[in-house]
Structures are given as structure tokens and as C-alpha cells.
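Below is one structure, written out as C-alpha cells; comments come after it.
Only the coordinates and a few stated rules stand behind these numbers; no lab work does. Everything numeric here is computed off the predicted structure, so don't read it as measured data. Note: ideal-geometry Cβ built from the backbone for every residue, glycine included; neighbour counts use all protein chains shown.
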Amino acid sequence: MIQPPAFHNAISAISYPMAIVTTAVDGERSGCLIGFHTQCSINPPRYLVCISHSNHTFGLARRATHLALHLLDASDRALAELFGERTGDDFDKFAHCAWSPGPFGMPILAAPPAWFAGPVVTMTDVGDHSAFVISPTGSEYDGHLNQLSFQEIRDMVPGHPA
């Protein structure tokens, strides 16, 4: 299905925040840069994360019981490039950044000022992406976030087509 031009142009003009989702299953780690994510419930707390079916991380995420989401600061551009321009198909992104095991065995990146992790409550196919709803139960926030936005990374070449 082809998107109406006005819809595509309007969505492309939005400056939504960028994030990195990470997960681990049976000792294998994966992570990718995402733009489709949002809080979807206050009580109980729930967060929606969408991952492209063409992304290496999707293959692992659909088997995962937990996900971690890292909110990126404008100073995290290099990390966004690492997780957005490289594919885990043939490259270990975690060998090129600081991270540590966190709650539920999730890989937690050191640089981002905020992250949260939790169990996947539900997963739904929404087209060329799947939507994962997580229940954040582990988190950290350093008190400062100048979000890295889509408009700031538009020039990046994705590791997989969007």
C-alpha cells in the first residue's frame, strides 16, 4: 500500500525522539535505533516499542521475554550511528560501546541518560513493524535529557531499509 504524499511529508516533518532498544536471548545480544515508541499507559505503566521486521533485532526481540529502551541525548549521536547504521547481521555493536548487564539480563548502554527495562506484556504485528508493549520495572535517569530527535539523524544511512 502506498502512503498518501501529504501523510508521508507530514510524518517526515515531525521531530520525534530517537531511542535504542536492546535485548538478549540465550546469550545473544541485539539492539537497534528506533523512532517509533511512546508511553501507552500511566497506571499500570506501559511503554510501546515498534521494531521493523527487516531489522536484525526483530528476530531476537520476537523471542525475548524482556526489552530495554534507552532514551538518547543529543550528545549520543555516535551511539545512534552505531546502532542505526550498522546491522547485527554481521557486526557486534556491543563490542564498540560501553554497556553492562542490567535487569533481566538486558544489555544496558552506559552513555544514554535514561533507560528502562521490563517484561514484554504483548506483541502485535502492525504492518512492516511489530509493536511490543513492555512493563517498565527497572530504570535509571540521570536527571538531564536533551533528546536526540529524528530531524538530527535524518542524514544517517540505515543498516537495513526502513
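Ordering H56, H70, H8, H144 from the fewest to the most neighbouring beta carbons within 10 Å gives H144, H8, H56, H70. The stretch between A74 and D89, if pulled fully straight at 0.36 nm per residue, gains 2.7 nm over its current Cα-Cα span.
For the chain, a simple Cβ point-charge model (Lys and Arg +1, Asp and Glu -1, everything else neutral) yields a dipole of about 320 debye relative to the Cα centre. Compared with the alpha-carbon gap, the fully stretched path from H96 to N9 is longer by 27.8 nm at 0.36 nm per residue.
Ranked by how many other Cβ atoms sit within 10 Å of their own Cβ, fewest first, the residues S30, S12, S130 fall in the order S12, S130, S30.
For the chain, the mean residue ellipticity at 222 nm estimated from helices alone is -4500 deg cm²/dmol, where every DSSP H run of n ≥ 4 contributes -39500 (n - 2.57) and the total is divided by all residues, rounded to the nearest 500.
Residues considered: I11, I51, I20. Largest GNM mean-square fluctuation over the chain, using C-alpha springs under 10 Å, is found at I11. Note on the range 17-144: Cα convex hull, mean projected area over all directions, 7.2 nm². For the range 62-124, the relative contact order is 51 percent, taking Cα pairs closer than 8 Å that sit 6 or more residues apart in sequence and dividing their mean separation by the residue count. Simple rule: put +1 on each Lys or Arg Cβ and -1 on each Asp or Glu Cβ in the chain, find the dipole, and look at H37, A95, S54; the Cα lying farthest toward the positive end is H37. Only Cα pairs within less than 10 Å get springs; with that Gaussian network setup on the chain, which residue of A95, A110, A78 has the largest fluctuation? Evaluated over the chain, the most mobile residue of the options is A95. In the range 24-53, whose amide N lies under 17 Å from the spot 7 Å out along Cα-to-Cβ of S139? List them in ranges. Once the point is set 7 Å along Cα→Cβ of S139, 37-50 turn out to lie under 17 Å by backbone N, inside the range 24-53.
Here E28 and D128 are evaluated by their C-beta separation; at R0 = 22 Å the FRET efficiency comes out at 0.40. Using a cutoff of 8 angstrom between alpha carbon atoms and counting only pairs six or more residues apart, the relative contact order for the chain works out to 29 percent.
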